[in-house]
2 protein chains.
Amino acid sequence: MPMQDMHLVHHECGDCPIRHRAVCARCESDELARLEQIKYYRSFQAGQTVIWSGDRMDFVASVVTGIATLTQTLEDGRRQMVGLLLPSDFVGRPGRATAAYDVTATTDLVMCCFRKKPFEDMMLTTPHVAQRLLEMTLDELDAAREWMLLLGRKTAREKIASLLGIIARRDASLKLKAPKGAVTFDLPLTREEMADYLGLTLETVSRQVSALKRDGVILLEGKRHVTIPDFDRLMEEAGDDSDGGMLG
Amino acid sequence: MPMQDMHLVHHECGDCPIRHRAVCARCESDELARLEQIKYYRSFQAGQTVIWSGDRMDFVASVVTGIATLTQTLEDGRRQMVGLLLPSDFVGRPGRATAAYDVTATTDLVMCCFRKKPFEDMMLTTPHVAQRLLEMTLDELDAAREWMLLLGRKTAREKIASLLGIIARRDASLKLKAPKGAVTFDLPLTREEMADYLGLTLETVSRQVSALKRDGVILLEGKRHVTIPDFDRLMEEAGDDSDGGMLG
DNA sequence: CGCAGGCTTTGATGTAAATCAAGATCAGGA
DNA sequence: TCCTGATCTTGATTTACATCAAAGCCTGCG
């Protein structure tokens with residue numbers, strides 16, 4: 001459990017534990033109080049659209065529970081998911097008036113929203129909020145770039161393995177245990193959503209999931225419940241560069 | 001010419017006009033002086049590596065002149081470019097010790113570097129530097145997500161058209177004129193580099209460039225000098241969603 | 001119960017782009 | 001000048017994935 005999360009847990013977070021992780025890792029109580037005044041919750045049902053690309057967006061928010069997706073669409077309907085929002089993830093851009101992507105609730109979803117103007121005002125006076133947001137944005141940028149490698153250069157099988165690995169890891173980190181040995185989770189995405197994320201068709205996703213199952217890399221109970229008997233094996237299938245830094 | 005650039009031009013920027021655009025859009029003279037103390041320049045020849053992924057990186061920097069690329073590589077050698085750094089672009093991450101990508105000079109390159117520790121210290125005391133950096137990072141994130149759409153869903157021809165459009169636009173913005181009607185520029189990338197950027201092979205890039213030439217979408221003098229007789233036509237070929245926001 | 005509408009799987013076929021393979025073009029150096 | 005190596009083009013062939021098509025499988029609802 002990283003130091004920073006410790007700190008958060010020890011705060012009096014009320015019913016929005018995520019908020020502090022998202023915007024307020026080093027916050028003081030008076031800032032907490034200010035955040036309190038400008039926050040509100042919104043709930044969405046699975047499948048509902050939170051906001052359409054181009055819509056006026058007068059809030060920023062973080063996910064409390066559930067999963068949301070960011071997608072972009074070409075005129076002819078080709079879709080590409082560009083982000084997956086899990087609990088604690090932040091969405092919205094200070095200083096921009098309209099949404100840049102379609103945001104959709106994949107599961108039932110609760111978001112903790114902050115009205116944009118007061119949030120921006122607070123950012124100006126409390127520097128570490130901006131700094132925390134910078135950190136988070138840099139993390140997202142890294143994730144986006146990893147995804148570019150996946151989209152540009154990985155095979156369908158590697159893409160599926162990578163996605164399963166990412167979901168398993170994020171799932172495990174929420175439960176505060178590292179993915180060693182066997183891991184089990186429920187897929188929060190349909191085959192079509194997986195396809196939209198991976199730049200594939202749903203048929204190819206289905207075939208490759210079947211192939212990974214056939215080869216014993218994953219086990220399936222029903223269509224959604226996945227267990228990964230050997231996480232390292234999955235990571236090999238994902239084709240990732242495993243040296244992970246530390247050359248010089 | 002946007003207001004912000006006006007502001008910059010009117011600063012006494014010495015020989016590093018870019019620095020202020022990169023980190024210091026609203027800066028005061030004492031901050032300028034502090035930046036001055038921790039900055040230094042580094043030059044690289046075309047083809048030289050600035051830093052390898054995983055190497056210790058004790059600076060952040062912005063490009064003054066020339067072009068650099070960020071690339072990621074799979075163990076088996078498959079390469080994907082994840083960023084193109086043009087003059088004024090920023091590279092490096094406050095709060096991280098090692099480089100996450102290979103950074104390579106595509107042309108002769110001059111970078112304005114700031115030692116990381118003092119830069120981080122300054123960020124803590126001068127909030128708007130962090131805010132400027134946040135804006136830039138959010139822009140980069142948007143660009144990365146647009147690139148994800150390209151990599152995941154566009155055809156080879158659309159990819160090439162998109163890349164030419166991006167280079168034309170950025171080139172034009174540096175010259176402070178908007179790309180209306182005919183535009184002319186030199187390709188700063190080899191066919192192979194274009195391929196690495198677009199998730200294609202160099203042969204496919206070559207074929208599609210030839211096809212666009214054959215169809216009159218672009219004109220070529222030699223292999224690198226491109227002129228685009230009709231920018232809108234090129235954008236149609238790029239397949240981008242042209243409604244560009246403003247639905248609700 | 002039985003049917004309807006999402007999902008998902010699986011098969012047959014088509015195709016865009018990769019791969020393999022020659023050459024062509026160009027710039028720089030001996 | 002010609003050679004050399006890098007870059008680029010073009011052609012022939014292969015292949016991974018898309019597309020088209022049909023069924024299977026759940027879940028919920030009348």
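Name every residue in segment B:171-198 that is at pLDDT 95 or above and basic (Lys, Arg), in order of residue number.
Residue satisfying the conditions is B:Arg191 alone.
Which of the numbered conditions does A:Pro94 fail, given that it passes all the others? Conditions: (1) facing chain B (nearest Cβ under 7 Å); (2) free of Cβ contacts under 8 Å to residues at least 40 places away in the same chain; (3) not in a helix (DSSP H, G or I).
Only one criterion is unmet by A:Pro94, namely (1).
Inside segment A:68-80, can you point out the residues that are crowded, with 22+ Cβ neighbours inside 10 Å and in a loop (DSSP other than H, G, I, E, B)?
Answer for segment A:68-80, where residues must be crowded, with 22+ Cβ neighbours inside 10 Å and in a loop (DSSP other than H, G, I, E, B): there is none.
On the basis of being closer than 29 Å to B:Leu198 by Cβ, modelled with pLDDT under 90 and surrounded by 15 or more Cβ atoms within 10 Å (Cβ to Cβ), does A:Asp240 make the cut?
Against the criterion (closer than 29 Å to B:Leu198 by Cβ, modelled with pLDDT under 90 and surrounded by 15 or more Cβ atoms within 10 Å (Cβ to Cβ)), A:Asp240 qualifies.
Kindly indicate which of B:Arg93, B:Arg78 is charged (D, E, K, R) and either over 17 Å from B:Glu140 (Cα atoms) or in the same structural domain as B:Gly199 (by TED's automatic domain parsing) (or both).
After applying the criteria, what remains is B:Arg78.
Which one of B:Thr204, B:Thr184, B:Thr155, B:Thr126 is in contact (Cβ under 8 Å) with a residue 24 or more places away in the chain, touching a Ser or Thr at 6+ places or on another chain (Cβ under 7 Å) and either away from DNA strand C (no atom under 16 Å from the Cβ) or farther than 30 Å from A:Leu124 by Cβ (or both)?
Just one listed residue meets the conditions, B:Thr184.
Can you name the number of the only condition in (1) within 14 Å of chain B (Cβ to nearest Cβ); (2) farther than 27 Å from A:Ala46 by Cα; (3) in contact with a strand residue (DSSP E or B) (Cβ under 8 Å, 6 or more places away or on another chain) that A:Asp102 fails?
(2)
The values are calculated or read from the model by the stated rules, or taken from the named source; none is laboratory data. In this text the structure is predicted, and so the values were computed from the model without any measurement. For neighbour counting, all protein chains shown are included, and Cβ atoms are generated from backbone atoms with ideal geometry for every residue, glycine included.
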